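Data first, discussion second: the structure below is written as structure tokens.
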Amino acid sequence: MRCPNCGASDMRVLDSRPAQDGYIIKRRRACNNCQKRYTTYEMIEKPEIFVVKKDGRREVFDEEKIMRGLIKACEKRPISIEVLRGIVQKIKDAAENSMASEIDSNKIGEMIMEELKPIDEIAYVRFASVYRQFKDINSLMDEINSFLRTGVSEK
């Protein structure tokens, strides 16, 4: 690492402390050449995860895209943003912990549906109707009947 002021590579660490719940280390450094002080952050580099779409295209995993889908499915439902953020975080963690560089979009959709199912039936059916792309009312009714057979969430 080089000093941002003079470009020298001779420096010392004055202070180190954890940041962001221990996932980042914040270091206070001083250049031995110009005596300028600055802060650096050290963090684990996570590999980029790609989502394999139904048509075979690959795109970078985007947690905001999942959040937008959840918000749409939960529109006018009594579900807090914190709950939705928790769902997104669970899915992101599962994708990162799988140690695979790619994840199928179908797997993500199924994980979202499993998370929504116990939280809100209407949001579950809304999401399922877009995700599964029902062709007619009978396929939608089949999904609803399947949901009812496996059990309705208890509130």
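The values are calculated or read from the model by the stated rules, or taken from the named source; none is laboratory data. Fair warning: this is a prediction, and the values are worked out from it, not measured in the lab. Here Cβ is always computed from backbone atoms with ideal geometry, including for glycine, and neighbour counts include all displayed protein chains. Note: accessible area is taken over every heavy atom of the protein model, side chains too, but ligands, DNA and RNA are not part of it. Shrake-Rupley method; radii C 1.70, N 1.55, O 1.52, S 1.80 Å.
Quick notes on this structure:
- Charge dipole of segment 7-155 (Cα centre as origin; +1 on each Lys and Arg Cβ, -1 on each Asp and Glu Cβ, all else neutral): 660 debye, rounded to the nearest 20.
- Bridgeable aspartates and glutamates around Lys135 (alpha carbons under 15 Å apart, same-chain partners fewer than 8 residues away excluded): Glu143.
- Among Ser129, Cys31, Ala94 the positive-end extreme of the charge dipole of the chain (Cβ point charges): Cys31
- Residues Met99 and Ile25, FRET efficiency given R0 of 22 Å [Cβ-Cβ distance, rounded to 0.05]: 0.40
- Note: segment 1-69, Cα convex hull, 139 Å³ per residue.
- Look at the dipole of the chain built from charges on Cβ: of Phe50, Ser16, Gly109, the Cα furthest out on the positive end belongs to Ser16.
- Over segment 1-63, accessible surface divided per residue gives 77 Å², non-protein components excluded, 1.4 Å probe.
- Shape annotation for segment 90-155: C-alpha extents along the principal axes are 37, 31, 16 Å, from largest to smallest.
- Computed over protein heavy atoms with a 1.4 Å probe, the carbon and sulfur contribution to the accessible area of the chain reaches 50%.
- Candidate residues Leu140, Leu70: accessible-area rank, largest first, probe 1.4 Å: Leu140, Leu70
- Relative contact order, whole percent, for segment 1-143 stands at 16, derived from Cα pairs under 8 Å and 6 or more residues apart.
- Straight-line reach from Lys36: taking Cα to Cα under 28 Å and skipping same-chain neighbours fewer than 8 places apart, the lysines in range are Lys26.
- Cβ distances below 4.7 Å define possible disulfide partners, and in the chain the cysteines left without one are Cys74.
- Heavy atoms of the protein chains alone define the surface here; on that basis segment 67-155 has 63 Å² accessible area per residue at 1.4 Å probe size.
- Rg ratio (alpha-carbon, reference 2.2 N^0.38 Å) - the chain: 1.53
- Euclidean distance of C-alpha centroids, segment 7-33 and segment 77-155, integer Å: 43
- Extreme residue, positive dipole direction of the chain, given options Tyr41, Ser146, Asn5 (C-beta unit charges): Asn5
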